[in-house]
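The values are calculated or read from the model by the stated rules, or taken from the named source; none is laboratory data. This structure is a prediction, so every number in the text was calculated from the model and none was measured. In this analysis, Cβ positions are derived from the backbone assuming ideal geometry, glycine residues included, and neighbour counts consider all displayed protein chains. Accessible surface areas use protein heavy atoms only, side chains included; no ligands, DNA or RNA. Shrake-Rupley method; radii C 1.70, N 1.55, O 1.52, S 1.80 Å.
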Amino acid sequence: MTITALRILPPFAIGRFGSSPTPQANYDIEVEADAPLGFRKVRPRETLEVDEATGAISGCGVPASVQFRDGDRIRPVAPFLEVFAVDENGRMEPLDLDLLRREGLDLNALAWRAKVANRKVFRRTGSEDDIVTAKTGWFSDHARQPLTGRGANLVLAPDGSPPEIPFGDVRFIRPTPEFPGIRLRFTPAEGLIYGPATEDRDPDVIPESRAIYSVRGDWVGFQLQDPESYRETLPPALYAIKPPAPSWLNDDIAISRGYVDDACDGKVTVRLTLGTGRVLTAAARICASPPAMVPDSMFIRSLADDLDQIVHGPELPADEPIEVTRARAEDIVRRAYETVRFMNVPVMNGNDYDGRPAVSLDTMVAEEAFDTERPVRPAMAPEAVDTQAILALHQQVFAALRAGAAPWFSRLLRRPDEVTDYTDEGRRKMPALMSGADNNYLALTHRQIATIERASRGGPSDHPASSGPTAQGLVPRNRTAQIHYAALGNPVTSRPEMSVGNCCPGLEVDFRAVWRRLLEGIVLVEHDNFVIETDKAHRELLHHRLLRIDGVPVMAEMRGPSTSDPDKSIVLTTAENPNGVSTFEWSNTLAHTLHNKVGQKVRCDFTASPAKDPVAWPDNGEDPPPHVTHELRVRPFFEDESAVISFTLAEVGELTQGLCSPWQNDYRECSCYYWASSRPDFVNVEIGTDGLSRGDNWMAKERSGNYVADDYRDTQLIGYDDLFKHWEKLMRFQIKGRDYDDGSAAS
Amino acid sequence: MATVHRQHRHVSGLAEADEVQFEKPPEMTWHDYVVLLLHIASGIEHALMVQYLYAAYSLDPQRAPASKRKHVAHWQQSILTIAREEMGHLMSVQNVLTLLGGPLSFEREDLPWDSPYYPFPFRLEPLSLGSLACYVFTEMPMRPDDDELTARERDAIIARVKNHVRDHDQRAGRVSDERQRPHHVGKLYERIISIIGDVSLIPETAFQTSTYASQANFDAWGRNYRGGLPPEVAALYDKSEAGREKQKREVPNWKYDAHVLIEPMPTRQAAVVSLKTLAGQGEARHLLPEQRRSRHEPSHFDRFLEIYRQFESEVDASWSPSRPMVANPIVPVAGSAPPQTQFTTITNRRSAQWATLFNLRYRMLLGFLGHTMRLSRVGYAERPNLAGSVMHRVFAEMYNVKALASLLIRRPVADVADPLRAGPPFQLPYTLVLPIVDDDCWRLHRDLLAEATSIAGRLRSEASDEPAVAADETAYLQSQVAADAQTLAWVEQILAGRNRSKGASR
């Protein structure tokens, strides 16, 4: 073959923190045929052992069981990235010693490099000195290459530790005759917090060795000033602040403690110099993120769903066999009940709980009430929201689907343009009680919705199920196969299907960040239609608001029930949001444009002048606000022909810059309890003798079977500082819906 | 159905009249009488609902020529919408009964006989022009406007109804009673409303206002079916009268979502408005309260008439939109007399097992329905309770009924080679009366679940004889058995709790 190009697979690999020296063994999760409604089974898979001294794979075996921690130390997920060669006929095959030999090459023809960054502090302060970057330079050996984060605002620690944040390492795995493939391993950092080099820090959180943030920088004591409010994240603050926290319950005062974590995202590049002297390169993305605490469940909207929509578009092909559509619909319903399982539905519904008013409990409906300055209203009938009862109903839908019966519930799905509908009908749509990337109620992707709609229209088939379309396999054009590629040794939690898709801000990455530069000439805020940067040609658009793209509005009015007329709704204005409008999440809003108009110019309407307050294009035929129209070109989403998210859209470090700093904050602070695969709410759930569900709050320090209502001040619950100090010990894995602490077999 | 027989005893002698007359028998009080009429109304709503479901299940767009498939899909959607709204009517009638302190009723006519109140003989059959004519007539306003239905078309529909009924009578070996006319259901509601609205007949003290919180409400039962059009369609029309008229003219009825009317009612006036609204949605537009008329929503009559006209013009002898399903399928009962000829016995052994399972789950649905209504009388509505959980079981069994129907419509009624397909029999059990003691209700649920599991086990033990549906049968049974195991564990846990508390109290 003639090698014409390279690919690194997977194109996006997720590493997960942990301080155990033993990396997480490989495992997959699968539905058991004889327990289709049960939890997915954790199946140990072929696990690669890397010899520390040589960097070669010294063994490959399937462990008897899967262990997630060693005592108080969590095993890090350290994914491998494999290199594939593309030939002149468009075929892909693994690049290995044999192929190199056939090409007259050896390992010296290969080199790797990596660059990662943590831009979380920069995202808030705007100071480039706060960017912490690690670069390896090209390397061809097989030693661990530390990813040493450095930044202008890092200083020598009081104990003499260097001004560096270790982001883990990368290692070119030495190919051997037994394991001849060319692969790199990314081992993430431990999940530590670094902080100010000052005396008044809490030494239990920031020991001397990690007190490296300079007092010269802006981060310690940082507080966003009103004129800079466009730099605010969504949700606001999202960083460790001086007590009391959270800020929104304490007069919106958010003074930074100056904490920085060792999360990062970035790029690994492989280089192959051919005998002709031609140099081929390929890249992939990596990120370091928190562990998936519920490894046997998947969330209803994952990053893979968003990527799937980007690759295939928001609609389904007309000729897709109904069996294929229905199988996908089944998967969505399964993930729906896997999501419900870990929610205390009555509490999330906005019921009062244990004598405490719903407004005092952190829920999506309470969030909605805060945002709209309205009283909390339960979303659904308060008496009909027992978790197990709701779960059973979802499972019954699943059983009906499996009988070939059309589900008929597609009309109950929330459309992406209905996320700001806060009427009773709007709030009851599915998925219910959870936040989306825009802090409104979560909607599925257009493509997921189209899947359910198609399945619901299909009706039962009179013909035996076909085997579906022939799989295209791993070819350069099949981006889906590349995105989902399961590299040997990589557990499922390293793949996008285990990454939450309702990113507000997100957990593994803040996926909203990829849309900021989709339109050439301007940069948007990841969660807003505010133009934060422009190129020279579009300088006049700076601080304007984007109203429509290709005729599609990007904001909508928030509408709630009219008290005087139940058939009507009103716009929910507040003093802070006088127009009562909210931005839609970009992923769904831009889906059609991205699918149809890449490389083309599209009409974009902006406010005619800079606009601090949100402004929407009216959807009721009223006159639009004064506006100007520009034609902007739509950038491609992927790098060249690959399945790698474009580095023009998001530079190294930008996919994680909108996340919490430190990441532990998110586990305490997120009000939405929406990450079934990562951050459960209701665990150890059982049916009480009253026929109703009972269980523990995952964040409770002691398990009693009595759910402790969320309360930032309640010491029964894991608090901010508990997480900062002892997150690895306190965060408990869940298997089959129950605490899984013993580290014994999950097989 | 003994109950239905008894209902009819009170109206015997009236059947010969051209139009049903509603005269209170002397042995009944007005309260009794209106409760009886409500029971009959409930039975009619229930009967219509299952007949419409059967008709909708029978439709298969794939059988239509490519250019007609959308029509068939829209017909199916529209009929299902009507069936959902009938469910709302059924529940609203229960609310009125609750308000009046009367017993609830989920019974319905089970046999294809005529009764003076039922609009046409009950018959589960695939959709045809004849059956459609029956549905149109049933839902027809007593005085339709000329611009929506000419006298000529009306007469043609009535003639078709009579022919349809006569044909089936002949096939069943029965002599048609030519004096018998199909009836409008609106007449019944008119009578109920006139009695309830008359303070001299029903005193204020008859209304149990405190039952308001225990009545079915939209939040719990409505499934968000608020009616209306998709926003993108609604946006095309302004809210003026001219805009509404334009919308009415231009937007096909199938585009309107179901509007499930379920409102608890605290007073006589609320009951009257509620009954008028539901009658107006169905059969008696003239009863619709003024405030509801300003919002255009297709009535059941509008929907059926639209389908009827399209069916008449689109379907010819070369194709049928319906699957080749039998009418009135029943499960044979060992040792019993041969069924009457208007029934079709499901003789395929495996199909009969599936149909048995269907009947059982239909019974479970109605059992859970009765139970949740009873539990809601004692539950505290501000937090999760068993009434709410049992209500979800009702919806779960609806999904089950739908799933089983989707299998039965693809299964042979007799020999596998015979193209004729079975269908959901919707046979009622010997009684729907729940045990007096609540624990016994739970035991009943437990036993029925166990029986369902047992039937499912038998079905799983043998391979399917119908390749077209074999994979779906396997997948469904696998999931359903697992779901039933969970439900059974839930019921057992409740019973265990009851036993424990009894032990503790001894």
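So what's the gap between the Cα centers of the stretch B:28-73 and the stretch A:331-404, to the nearest angstrom?
After rounding, the separation between the Cα centres reads 32 Å.
Quick check: convex hull over the Cα atoms of the stretch A:1-104, volume per residue in Å³, rounded to an integer? Walk me through the intermediate numbers first.
Numbers: hull volume 17.4 nm³, N = 104.
It is 168 Å³ per residue.
Counting each DSSP H run of 4 or more residues in chain A as -39500 (n - 2.57), what helix-only mean residue ellipticity at 222 nm follows after dividing by all residues, to the nearest 500 deg cm²/dmol? It would help to have the intermediate numbers written out before the result.
Working: 14 runs with 120 residues, N = 747.
Roughly -4500 deg cm²/dmol at 222 nm, from the helical runs in chain A.
At a Cα cut-off below 12 Å, give the aspartates and glutamates reachable from A:Lys115, other chains included and same-chain residues fewer than 8 away excluded.
A:Asp169, A:Asp265, A:Glu651
So, R0 is 22 Å and r is the distance between the beta-carbons of A:Thr629 and B:Glu250; what FRET efficiency does that work out to, to 0.05?
On the way: r = 32 Å, r/R0 = 1.44.
The computed FRET efficiency comes out at 0.10.
The stretch A:166-269: which trypsin sites (Lys or Arg not before Pro) are DSSP loop and have at most 14 other beta-carbon atoms within 10 angstrom? Show your work: numbers first, answer last.
Details: sites: A:Arg171, A:Arg183, A:Arg185, A:Arg201, A:Arg210, A:Arg216, A:Arg231, A:Arg257, A:Lys267; in loops: A:Arg201, A:Arg216, A:Arg257.
Loop-located and lightly packed - A:Arg216.
For peptide B:490-503, what's the mean number of Cβ atoms from other chains within 10 Å of each residue's Cβ? If you can, show how the numbers build up before the last one.
On the way: counts 7, 2, 1, 8, 6, 2, 2, 5, 3, 1, 1, 2, 0, 0.
Taking the mean over all residues of the peptide, I get 3.
Please enumerate, by chain and number, the aspartates and glutamates with C-alpha under 16 Å from the C-alpha of A:Lys736, excluding those fewer than 8 residues away in the same chain.
Cross-link targets: A:Asp28, A:Glu30, A:Glu32, A:Asp34, A:Asp296, A:Glu338, A:Asp681, A:Glu686, A:Asp696.
Over chain A, what is the mean sequence separation of C-alpha contacts under 8 Å (at least six apart), divided by residue count, expressed as relative contact order in percent? Mind dumping the intermediate values first?
On the way: 1747 pairs, mean separation 126.7, N = 747.
Over chain A, the number comes to 17 percent.
Please give the Cα centre distance for the stretch A:99-169 versus the stretch A:235-251, rounded to the nearest Å.
Each part reduced to its Cα centre gives a spacing of 32 Å.
Return the ratio Rg/(2.2 N^0.38 Å) for the stretch A:315-401, where Rg is computed over Cα atoms only.
Working: Rg = 17.0 Å, N = 87, 2.2 N^0.38 = 12.0 Å.
Dividing the Cα Rg of the stretch A:315-401 by 2.2 N^0.38 Å gives 1.42.
Run the simple label-point estimate for A:Ser140 and A:His543 please: 7 Å along Cα→C-beta, distance reported in nm.
5.3 nm
Per residue, how many Å² of accessible area does the protein assembly as shown show with a 1.4 Å probe?
Working: 46350 Å² over 1253 residues.
Heavy-atom SASA per residue in the protein assembly as shown reads 37 Å².
How high is the relative contact order of the stretch B:44-145, given as a whole-number percent (alpha carbon pairs under 8 Å, six or more residues apart)? Each step should come with its number before you reach the end.
Details: 92 pairs, mean separation 34.2, N = 102.
Computed over the stretch B:44-145, the figure is 34 percent.
Looking only at chymotrypsin sites (Phe, Trp or Tyr not before Pro) in DSSP loops with at most 13 other Cβ atoms within 10 Å, what is the longest site-free stretch of chain B? The partial results should precede the final answer.
Values: sites that count: B:Trp319, B:Tyr380, B:Tyr430.
That gives B:1-318 as the longest site-free run.
Can you tell me the equivalent ellipsoid semi-axes for the stretch A:142-209? Use √(5λ) from the Cα gyration tensor, largest first, whole Å. List each step's numbers first, then the result.
Working: eigenvalues 239, 25, 14 Å².
Each semi-axis is the square root of five times an eigenvalue, giving 35, 11, 8 Å.
Where Rh denotes the Kirkwood radius from the mean inverse Cα pair distance, what is Rg over Rh for chain B?
Numbers: Rg = 23.0 Å, Rh = 24.0 Å.
Taking Rh as the inverse mean 1/r over Cα pairs, Rg/Rh reads 0.96.
Report, to the nearest whole %, how much of the accessible area of the stretch A:528-617 belongs to carbon and sulfur atoms, 1.4 Å probe, protein only.
On the way: 2040 of 4150 Å².
Exposed carbon and sulfur together represent 49 percent of the surface.
Of all the Cα-Cα pairs you can form in the stretch A:397-459, what percent are over 20 Å apart? Numbers along the way, then the final one.
On the way: 587 of 1953 pairs.
Here the tail beyond 20 Å accounts for 30 percent of pairs.
Probe radius 1.4 Å, ligands and nucleic acids left out: can you give me the accessible area buried at the B-A interface, summed over both chains, in Å² to the nearest hundred? Display every interim value, and only then the final one.
Values: alone 22120 and 28610 Å², together 46350 Å².
Approximately 4400 Å², summed over both chains.
Along the principal axes of its C-alpha atoms, what lengths does the stretch A:14-167 span, in descending order and rounded to whole Å?
Sorted from largest, the Cα extents of the stretch A:14-167 read 55, 50, 33 Å.
Between B:Glu232 and B:Asp155, take the C-beta separation as r, use R0 = 45 Å, and let me know the FRET efficiency to the nearest 0.05. Kindly include the intermediate steps, with their values, before the conclusion.
Details: r = 40 Å, r/R0 = 0.89.
Rounded to the nearest 0.05, the efficiency is 0.65.
Decide, for the stretch A:229-388, between rounded, prolate and oblate: order the square roots of the alpha carbon gyration tensor eigenvalues as a ≥ b ≥ c, take rounded if a/c falls under 1.5, and otherwise choose prolate if a/b is larger than b/c, else oblate.
Working: a/c = 2.67, a/b = 1.34, b/c = 1.99.
It comes out oblate by the Cα gyration axes.
For the stretch B:76-159, rounded, prolate or oblate, judged on the Cα gyration tensor with a ≥ b ≥ c (square roots of eigenvalues), a/c < 1.5 rounded, else prolate if a/b > b/c? Present the calculation step by step, with values, prior to reporting the outcome.
On the way: a/c = 1.90, a/b = 1.63, b/c = 1.17.
Since a/c reaches 1.5 and a/b is larger than b/c, the shape of the stretch B:76-159 is classed as prolate.
For the protein assembly as shown, with the dipole built from +1 on Lys and Arg beta-carbon atoms and -1 on Asp and Glu ones, taken about the Cα centre, which of B:Gln76, B:Gln310, B:Pro126 lies farthest toward the positive end?
Towards the positive end, the residue furthest out is B:Pro126.
Residues of the stretch B:374-413 losing 50 Å² or more of accessible area relative to the isolated chain, 1.4 Å probe, heavy atoms only?
Hits at the 50 Å² cut-off: B:Pro384, B:His392, B:Tyr399, B:Lys402, B:Arg410.
List the lysines whose Cα sits under 19 Å from the Cα of B:Lys246, skipping any in the same chain fewer than 8 residues away.
By straight Cα distance, B:Lys246 reaches B:Lys255.
Counting alpha carbon pairs within less than 8 Å and at least 6 residues apart, what relative contact order, in whole percent, applies to chain B? Please list the in-between numbers first.
Working: 734 pairs, mean separation 83.0, N = 506.
The value is 16 percent.
Could you tell me the ratio Rg/Rh of the stretch B:421-506? Both radii from Cα atoms, Rh via Kirkwood. Provide the component values of the computation, followed by the final result.
Numbers: Rg = 17.1 Å, Rh = 15.5 Å.
Across the stretch B:421-506, the Cα-based Rg/Rh ratio is 1.11.
Can you tell me the mean projection area, over all orientations, of the convex hull of the stretch A:274-365's alpha carbons? Units nm², please. Working shown, then result.
Working: hull surface 47.4 nm².
Answer in nm², one decimal: 11.8.
With viscosity set to 1.567 mPa s at 4 °C, what whole-number translational diffusion coefficient in µm²/s follows for chain A from Stokes-Einstein and a Kirkwood radius over Cα pairs? Working shown, then result.
On the way: Rh = 26.7 Å.
Once the numbers are plugged in, D ends up at 49 µm²/s.
With respect to the cross-link table entries A:Lys120/A:Lys725; B:Lys187/B:Lys402; B:Lys24/B:Lys276; A:Lys242/A:Lys612, which display a Cα-Cα separation exceeding 25 Å? Present the calculation step by step, with values, prior to reporting the outcome.
Details: A:Lys120/A:Lys725 20 Å; B:Lys187/B:Lys402 32 Å; B:Lys24/B:Lys276 21 Å; A:Lys242/A:Lys612 28 Å.
Too far apart for the 25 Å limit: B:Lys187/B:Lys402; A:Lys242/A:Lys612.
Running Debye on the protein assembly as shown with equal point scatterers at the Cα sites and no solvent, what base-10 log of I(q)/I(0) appears at q = 0.08 Å⁻¹?
The computed values of log10 I(q)/I(0) come out as -0.97.
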